[in-house]
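Notes follow once the structure below has been shown.
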Amino acid sequence: MAQHDFINKKPGNRNSKKTAPPKKPFPVLLVLVTVLLVGGFSFGLWYVKTNADPKLVEQQANPTPAKVQQELSKPRPPEFIKEIKEHEIQVEVRELEQKGPYVMQCGSFRTHGQAETLKAKIAFAGLIAEIRETTGTNGVWYKVRLGPYKTKRLAESDKNKLKRSKITGCGIWNWT
């Protein structure tokens, strides 16, 4: 690519005089349309005023008070609402068999201290737990239990209360 010497280059022919932009012609057509529109609107107002019915003008100028409507009656409720209010529904209620008392176990630990810690957390939730020591083939286990509950619904209620206190992992079983 060829190199250019911009330093020694003479500036181009610049005109120091700016030419004034040409004057726009007077918008005769726009003025004519505006005059016609304003004149047409004025003629329309004059025409309406001179050809108006005098009785209607008088009535609009001095309105007479409208007759007070007779007492507004309450709207009648639809007939199906009356039928719904008077309708009786018969429902069969079946008794569910109770499967027996339930117990909820929330933990099983190797040390008594861990079981006591969980029992204390459950006590802060407002429930009473007990610790049972069980000896199995693996050694001694300490189980933290709640219950017995007559129905599973009562046990689920306490389980939800424990979940709100961030104590999870509890299981509900039939008590044998």
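The values are calculated or read from the model by the stated rules, or taken from the named source; none is laboratory data. All of these numbers come straight from a predicted model, not from anything done at the bench. Glycine also receives a Cβ, built like all others from the backbone with ideal geometry; neighbour counts cover every protein chain displayed. Surface accessibility is based on the protein's heavy atoms, side chains included, excluding ligands, DNA and RNA. Shrake-Rupley method; radii C 1.70, N 1.55, O 1.52, S 1.80 Å.
Some notes on this structure:
- Extreme residue, farthest from PHE109 (Cα to Cα), among residues of the stretch 135-176 that are of a type in the set (Val, Ile, Thr) and surrounded by fewer than 15 Cβ atoms within 10 Å (Cβ to Cβ): THR151
- Any hit, the stretch 118-140, residues being touching a helix residue (DSSP H, G or I) at 6+ places or on another chain (Cβ under 8 Å) and among the basic types (Lys, Arg): no
- Within the stretch 104-115, the set of residues being open to solvent by 80 Å² or more (accessible area, probe 1.4 Å) and either under 21 Å from ALA155 (Cα atoms) or not in a helix (DSSP H, G or I) (or both) comprises ARG110 only.
- For the stretch 10-31, filtering for residues that are modelled with pLDDT of 70 or more and either open to solvent by 100 Å² or more (accessible area, probe 1.4 Å) or of a type in the set (S, T, N, Q) (or both) leaves 10.
- Per-region count, the stretch 124-153, residues in a helix (DSSP H, G or I) and in contact (Cβ under 8 Å) with a residue 40 or more places away in the chain: 2
- Summed over the stretch 86-103, the residues that are closer than 19 Å to TYR149 by Cβ and either in contact with a His (Cβ under 9 Å, 6 or more places away or on another chain) or loosely packed, with under 10 Cβ neighbours inside 10 Å (or both) give a count of 4.
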